Amino acid sequence: MSDLARPRRSVLYMPGAKARALEKARGLPADALILDLEDAVGPTEKVAARELVVQTLEEGGFGLREVTVRVNGLDTEWGEDDIKAVAAMGPDAIVVPKVNAPADLHAVEALMDAAGAPASTKIWAMMETPIGILNAREIAAATPRLACLVMGTNDLVKELGALHTEGRAEVATSLGWCLLAARAHGLAILDGVYNGYQDAEGNRAACRMGREMGFDGKTLIHPAQLDIANEEFGPSEADLELAKRQVKAFEDTRAKGEAVAVVDGRIVENLHVETARKLIAQAEAIAKMQAG
């Protein structure tokens with residue numbers, strides 16, 4: 001599956017210390033999973049969780065879901081061993097917490113290479129500190145292994161000394177700056193979590209806000225949030241139908257040697273067709289995942 005078309009509507013954190021949760025993850029309708037060795041695992045469980053996640057990766061069974069692992073930071077006693085153990089298993093990506101500068105990713109990449117990580121194993125960088133946000137442009141360009149920026153908005157709000165608000169004004173600048181950095185370097189980018197997992201209305205509003213800003217999907221903390229994220233970040237039937245008509249009208253116009261295509265009274269140009277084709281490819285990828 002091409003990275004352009006890969007769906008990342010819903011990206012669910014799963015605690016790496018809980019075997020039952022990891023087993024359940026194999027059947028959840030998430031586009032991607034983050035098996036978590038960091039925040040979701042207490043200090044006394046770190047080593048056992050690492051062993052369990054490695055075993056889980058070895059067993060597989062996740063279908064076409066993207067499977068990633070969030071390791072502990074290299075400034076902890078567990079980070080280096082996490083990276084070495086996980087990299088050797090070749091997950092889709094290693095999620096690096098609290099990335100402050102390109103050097104953080106270079107250190108992770110060196111450990112991955114030494115552990116024999118395949119080229120297909122990418123890096124996802126968590127953007128959750130003020131200095132990391134300010135360095136987003138440089139971080140986004142740090143290495144070809146980097147595929148995605150992940151907003152860590154809970155940590156960021158804490159570091160800013162801010163308050164969580166419904167309109168998210170406290171992180172608006174950070175979200176926009178990281179979105180610019182990601183798109184400038186051809187990366188995917190995921191919005192931060194919504195903490196009220198039982199608040200369906202609030203979750204939908206947060207997902208819609210992220211989609212309107214341009215994020216590819218949303219990180220989630222509970223399976224109850226999956227359906228809403230998939231709906232809000234995925235193409236609707238109406239979106240897909242319009243996209244197909246735009247592509248056809250554009251191709252028919254070009255075949256006639258004419259310059260301007262019109263659909264529903266609106267001009268269709270190259271940029272609209274590019275967006276339409278991406279949406280169609282994503283819809284096909286989603287259908288393939290669901291069928292698998």
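Read the figures in this text as sums done on the coordinates, not as results from a lab. Keep in mind that this is a model prediction, so the values were computed, not measured. Quick reminder, even Gly has a Cβ in these numbers, built from the backbone with ideal geometry, and neighbours come from all protein chains shown.
Things worth noting here:
- In range of the label at A287: residues from region 217-250 whose backbone nitrogen is under 15 Å from the point 7 Å along Cα→Cβ: 235-245
- Hits among lysines - C-alpha to C-alpha of K248 under 21 Å, sequence gap 8 or more where chains match: K256, K278
- Assigned charges on the beta-carbon of Lys, Arg, Asp, Glu; the chain dipole about Cα centre (debye): 660
- Size of charge dipole - region 119-189 - debye, nearest 20, with Cβ of Lys, Arg +1 and Asp, Glu -1, no other charges: 320
- Magnitude of the charge dipole for region 237-291, about its Cα centre and with charges confined to Cβ atoms of Lys, Arg (+1) and Asp, Glu (-1), is about 140 debye.
- 3J(HN,Hα) along region 26-42: 5, x, 7, x, 9, 6, 8, 10, 10, 6, 9, 9, 9, 4, 7, 10, x Hz, from the Karplus curve 6.51 cos²θ - 1.76 cosθ + 1.60 with θ = phi - 60°, whole Hz, x for Gly and Pro.
- Semi-axes of the equivalent ellipsoid for region 35-175, computed as √(5λ) from the eigenvalues of its C-alpha gyration tensor and ordered from largest down, come to 26, 17, 14 Å.
- Normalising the Debye intensity of region 237-291 to I(0), with uniform scatterers on Cα atoms only, and taking log10 at q = 0.17, 0.26, 0.30 Å⁻¹ returns -0.53, -0.97, -1.17.
- Calculated translational diffusion coefficient of region 203-259 (10 °C, 1.306 mPa s; Stokes-Einstein with Kirkwood radius over alpha-carbon pairs) equals 118 µm²/s.
- Inter-label distance, A103 to D75: 1.2 nm, where each label sits 7 Å from its Cα along the C-beta direction.
- Environment charge at E251 (Cβ cut-off 14 Å; Lys +1, Arg +1, Asp -1, Glu -1): +2
- Cα-based Kirkwood hydrodynamic radius, region 1-73, one decimal, Å: 12.5
- Its DSSP H runs of at least 4 residues, each contributing -39,500 (n - 2.57), put the calculated 222 nm mean residue ellipticity of the chain at -14500 deg cm²/dmol, to the nearest 500.
- Net +/- balance of residues flanking G202 in space, Cβ distance below 12 Å, scoring K and R +1, D and E -1: 0
- S120-R208 pseudo-label distance in nm [points 7 Å out on the Cα-to-Cβ vector]: 3.9
- Region 119-278, Rg to Rh (Cα coordinates; Rh as Kirkwood inverse mean 1/r): 1.05
- For region 10-233: relative contact order, % (alpha-carbon pairs under 8 angstrom, 6 or more apart): 17
- Taking Cβ atoms as reference points and 10 Å as the exclusive limit, the residues near T153 contribute a net charge of -2, counting Lys and Arg as +1 and Asp and Glu as -1.
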